[in-house]
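The values are calculated or read from the model by the stated rules, or taken from the named source; none is laboratory data. Small disclaimer: the values here were computed from a predicted structure and weren't measured. Here Cβ is always computed from backbone atoms with ideal geometry, including for glycine, and neighbour counts include all displayed protein chains.
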There are 2 protein chains.
Amino acid sequence: MASRAGVSVATASKALNDTGRMTEDTRQRVKAAATELGFRPNAMARGLIQKRSFTIGLLTNDTYGRFTLPVMAGISEALVDQGVSVFLCGIEDDPALGRVHLDAMLDKQVDGIIASGKRIDRRLPVDLSNLPVPVVYAFTEGHEGSVTLVSDDFQGSAEAVEHLIALGCKRIVHVTGPETFASVKERTKAYRAGIGGDGVVLYGAWSEHWGHEAVAQLWQQGETPDAIFCGNDQIARGVVDALRERGVKVPADVSVVGFDNWEIVAGQTRPPLTSVDMNLKALGREAGRLVLELAEGKPVEPGVRKLPCQLVIRESCGGNAAVTESRGGVVAAVD
Amino acid sequence: MASRAGVSVATASKALNDTGRMTEDTRQRVKAAATELGFRPNAMARGLIQKRSFTIGLLTNDTYGRFTLPVMAGISEALVDQGVSVFLCGIEDDPALGRVHLDAMLDKQVDGIIASGKRIDRRLPVDLSNLPVPVVYAFTEGHEGSVTLVSDDFQGSAEAVEHLIALGCKRIVHVTGPETFASVKERTKAYRAGIGGDGVVLYGAWSEHWGHEAVAQLWQQGETPDAIFCGNDQIARGVVDALRERGVKVPADVSVVGFDNWEIVAGQTRPPLTSVDMNLKALGREAGRLVLELAEGKPVEPGVRKLPCQLVIRESCGGNAAVTESRGGVVAAVD
DNA sequence: GTGAAAGCGCTAACAA
DNA sequence: TTGTTAGCGCTTTCAC
């Protein structure tokens, strides 16, 4: 391609990369020739010299993609302008598969790796410490001294509870997932801090079924609450459905808040669920940004960073409908 | 690393790649030295010569990932043993973004591209004809003369209807999505062929809400069916919920079949939904296999290939529970 | 301001 | 059987 503009390859390279010095005229001539010929530099050749592949790997065991996909979208969004592409590697919980994918990425000289998972207190089944490239953990537990990004479960839950209290709810209960999850502990802590007491906490599975069951238990004991803060949207959906079947009105009689803001669940519940969004896309963007900084040798403070959650208001809590709509709209636009 | 084994780099290369000829002893010595040093060849350098990057790109506008993720899992599964990694590029419906991602992948010398989407009768917002690398379309419309993989909507729907008929259902209606979708037309055709008549077909949105609404319409008109074949699982879930609220038993009074076998919906419905699985993972495997064959210069017959769907039996149609369980189990194990 | 030459880490053809 | 040489497509000194 160089000859087309009547210059050497060296000059062409400099012209296209806006480096070196030459007359502006030459530079433009080369660029013109390049576009005309549809010339695009070979990233492998370039990478071989620069020791940069403009490639990063996303390793995840969240095959179902509920958490990883938004994270991936954020990463991609943050990196695509820099010309960085992302390898997605689903490794289930298989150490051997993890090794294979990791090796494949390392061979390809990825500039960095982002590890992601489905819960923040479990590690991927593959050791990512002491790799020749930087690693950032997003929504999964990292190794000693690593850079880790998680959502702020406490803050998100606190907002949910505050919202219910502001709406005038007096007897708020918390129906959540298995007690072994760190996020469950954190959300429960925020719930208790919010209501200023022990409250009522029901632990169970992360399922609609458990939401139903929990409502049955509550109503059987006669301890009917006026608000139920749920550990995730599936539980919340089960709760809302169970309440409707009992003739209890949501939100008139009981307000319900979910967690995750999983559109397919929160949006399809009747009424649509007010829910805590973990802003995973933003978390992904941050992960992308950080891994790139590390790849470029910039210093990044290690440690766990908690990124804020955001309460997305729909119709399951009542309150001012106008505010409801506009806030929901804004939130949607933000992300 | 070569010197460690006391041989030239050329010999080392041949030893590790099992090419060239040398004493078995030398080969083993080199391999031993390689493992000992943890040596791994630089894929960029290798790719530069071989003009193969062992990398392929997956371009999709299915941000939500409902269709793309299983396809991606299949692709990855088919290619990881060959050392091929996959770039995932979500391009929404933005042509500019599509272009950016495409160029980035082309620069990186991907060996091929798989295009995927959320419906089979729409194209991605980016032109993939006349690329310097092979393209395979999976679950999205391809260009003239391309290799395209879709699921066999007709066959899948036919199986669903046959199943209902075998169960003794006489008045089967079809509640489905917007008439403009090719898959809706195809599924409707199979429904009509199956019942041997025009039947009752209700078109609407792909939502739970429409499922509810459709049941209201049917029961209002007094044309109560004994089976409802739904265009997707969300509609089916709406249908099942609406029936329960009317006191109509599923499957005792009415059998319901969904489509997509989207675990999160089909599995959580009460009772769990019998549904048509499009085998997207298998479709992804096939796409991966084909794009690799094309990349290696092997001939692949162009045209649209329809891959079979599979009926996954749960509890929404009644029938033999034992068979139900075992078939459901087998199906789950297969994929 | 521009170009010639070296070299990134590997593989392939050819000598030895 | 092994090693030497050339070169993949680019960037980067360093002469000119």
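Given the criteria without any contact (Cβ under 8 Å) to a residue 40 or more places away in the chain, of a type in the set (A, V, I, L, M, F, W, C) and crowded, with 24+ Cβ neighbours inside 10 Å, does B:Trp219 qualify? Against the criterion (without any contact (Cβ under 8 Å) to a residue 40 or more places away in the chain, of a type in the set (A, V, I, L, M, F, W, C) and crowded, with 24+ Cβ neighbours inside 10 Å), B:Trp219 does not qualify.
Among the residues of the range A:19-77, those that are within 16 Å of DNA strand D (Cβ to nearest atom), of a type in the set (S, T, N, Q) and over 34 Å from the mean Cα position of the chain (by Cα) comprise A:Thr19, A:Thr23, A:Thr26, A:Thr35.
Scan the range B:136-152 and give yes if some residue there is aromatic (Phe, Trp, Tyr) and in contact with a strand residue (DSSP E or B) (Cβ under 7 Å, 6 or more places away or on another chain), otherwise no.
yes
The requirement of being modelled with pLDDT of 90 or more and within 12 Å of DNA strand C (Cβ to nearest atom) is satisfied by B:Arg40.
I'd like to check something: does the range A:1-21 contain any residue that is among the small types (Gly, Ala, Ser), within 14 Å of chain B (Cβ to nearest Cβ) and out of contact with any Ser or Thr (no Cβ under 9 Å at 6 or more places or on another chain)?
no
Scanning the range A:30-89 for residues that are more than 8 Å from every other protein chain (Cβ to nearest Cβ) and among the aromatic types (Phe, Trp, Tyr) yields A:Phe39, A:Phe67. For the range A:76-83, the criterion of being outside any helix (DSSP H, G or I) and not hydroxyl-bearing (Ser, Thr, Tyr) is satisfied by at least one residue. At least 1 residues being hydrophobic (A, V, I, L, M, F, W, C) and within 24 Å of A:Ala43 (Cα to Cα) is the threshold, and among the helices (runs of 4 or more DSSP H) wholly inside the range B:8-71 those reaching it are B:43-50. The sole residue among A:Leu164, A:Leu128 that is under 30 Å from A:Ala227 (Cα atoms) and away from every other protein chain (no Cβ under 14 Å) is A:Leu164. Against the condition at pLDDT 95 or above, more than 8 Å from DNA strand C (Cβ to nearest atom) and either touching a strand residue (DSSP E or B) at 6+ places or on another chain (Cβ under 8 Å) or more than 30 Å from A:Pro95 (Cβ to Cβ) (or both), how does A:Leu58 come out, does it pass? Criteria met by A:Leu58. Does B:Arg40 count as buried (at least 17 other Cβ atoms within 10 Å of the Cβ) and among the basic types (Lys, Arg)? So B:Arg40 fails the test.
May I ask you to list the residues in the range B:116-147 that are touching a Gly at 6+ places or on another chain (Cβ under 9 Å), on the phi > 0 side of the Ramachandran plot and not hydrophobic (A, V, I, L, M, F, W, C)? Across the range B:116-147, the qualifying residue is only B:Gly145. If you filter the range B:90-125 down to residues that are among the basic types (Lys, Arg) and touching a residue at least 24 places away in the same chain (Cβ under 8 Å), you find that the one that is nearest to the other protein chains (Cβ to nearest Cβ) is B:Lys108. Tell me, which residue of the range B:61-115 that is on the phi > 0 side of the Ramachandran plot and at pLDDT below 95 is surrounded by the fewest Cβ atoms within 10 Å (Cβ to Cβ)? Checking each candidate, the answer is B:Glu92. If the condition is being within 7 Å of DNA strand C (Cβ to nearest atom) and surrounded by 12 or more Cβ atoms within 10 Å (Cβ to Cβ), then the range B:15-32 contributes only B:Leu16.
Could we say that B:Val175 is crowded, with 22+ Cβ neighbours inside 10 Å and touching a Pro at 6+ places or on another chain (Cβ under 7 Å) here? Answer is no for this residue.
Rundown of residues vs (1) touching a residue at least 24 places away in the same chain (Cβ under 8 Å); (2) within 14 Å of chain A (Cβ to nearest Cβ); (3) touching a helix residue (DSSP H, G or I) at 6+ places or on another chain (Cβ under 9 Å), yes/no style:
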| position | (1), (2), (3) |
| --- | --- |
| B:Ile172 | yes, no, yes |
| B:Val175 | yes, no, yes |
| B:Ala182 | yes, no, yes |
| B:Lys189 | yes, no, yes |
| B:Asp198 | no, no, yes |
| B:Gly204 | yes, no, yes |
| B:His212 | yes, yes, yes |
